[in-house]
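Have a look at the structure below before the remarks.
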Amino acid sequence: MTSLVNAQFSPITQDIVESLMSIEVACHPHPWTEKTFRSCIDGRYFGNYLTVDNNTVGFYVAEHVAGESTLMDICVAPEQQGKGYGKILLLQFFEHCKQQATKTIFLEVRAKNISAQMLYINQGFTEISRRTGYYPSNTGFGYEDAIVMSKKL
């Protein structure tokens, strides 16, 4: 696991969205638009970004409604992947959820994204549903399933 000696979490604000877009675009074959990203700031939405040695390495965006939180997006810059930052972001998300008295967390993940699924399973998530043909395929042809997962806090 990566050391957090020179790491800092900061809330996502409108001012940082533009700079986080490069990570969003690099991480997803069908990324959010900047307009969509901006619509997921404030109100029932919350998120943090992680900087290590003054470099932004990743972020998460979530929604909280009526005792439930949904992890809507979590990204680690491709050149920073494999260093434990995804887990660090996920654990910080859990802490934020606890502060909001979240009882259940939900997320969805591409069926072919095995590394993300393993991260979630190792943190106590279980599959509760599948959305057949939910995501456009990374190849540009066809669709792939979304696996819906949940975790009780």
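Would you pick out the residues in the range 21-40 that are of a type in the set (A, V, I, L, M) and either in contact (Cβ under 8 Å) with a residue 40 or more places away in the chain or touching a helix residue (DSSP H, G or I) at 6+ places or on another chain (Cβ under 6 Å) (or both)?
M21, I23, A26
Residues that are hydrophobic (A, V, I, L, M, F, W, C) and within 22 Å of K152 (Cβ to Cβ), at least 3 per element: which strands (runs of 3 or more DSSP E) completely within the range 34-103 meet that? So that I can check it myself, show each step before the final result.
On the way: elements: 45-52, 55-65, 68-76.
Those strands (runs of 3 or more DSSP E) span 55-65, 68-76.
Determine which single condition V57 fails, assuming it passes every other condition in (1) closer than 19 Å to T13 by Cβ; (2) in contact with a His (Cβ under 9 Å, 6 or more places away or on another chain); (3) buried (at least 17 other Cβ atoms within 10 Å of the Cβ).
Of everything listed in (1) closer than 19 Å to T13 by Cβ; (2) in contact with a His (Cβ under 9 Å, 6 or more places away or on another chain); (3) buried (at least 17 other Cβ atoms within 10 Å of the Cβ), V57 misses just condition (2).
State all residues of the range 102-125 that are over 14 Å from V148 (Cβ atoms), modelled with pLDDT under 95 and over 14 Å from the mean Cα position of the chain (by Cα); if no residue qualifies, say none.
K112, I114
Could you list, in sequence order, the residues of the range 69-87 that are touching a helix residue (DSSP H, G or I) at 6+ places or on another chain (Cβ under 8 Å) and either among the polar types (S, T, N, Q) or over 19 Å from G47 (Cβ atoms) (or both)?
Across the range 69-87, the qualifying residues are S69, P78.
Which of the numbered conditions does Q99 fail, given that it passes all the others? Conditions: (1) surrounded by fewer than 17 Cβ atoms within 10 Å (Cβ to Cβ); (2) touching a residue at least 40 places away in the same chain (Cβ under 8 Å); (3) not charged (D, E, K, R).
(2)
Can you find a residue in the range 105-115 that is closer than 26 Å to A7 by Cα and assigned to a helix (DSSP H, G or I)? Can you show your working first?
Going residue by residue through the range 105-115, those that are closer than 26 Å to A7 by Cα are 105, 107, 115.
Those left that are additionally assigned to a helix (DSSP H, G or I): 115.
Yes: one or more hits.
The values are calculated or read from the model by the stated rules, or taken from the named source; none is laboratory data. As the structure is a computational prediction, the values presented were derived from the model and not from experiment. Heads up, the Cβs are rebuilt from the backbone with ideal geometry, glycines too, and the neighbour counts pull from every protein chain shown.
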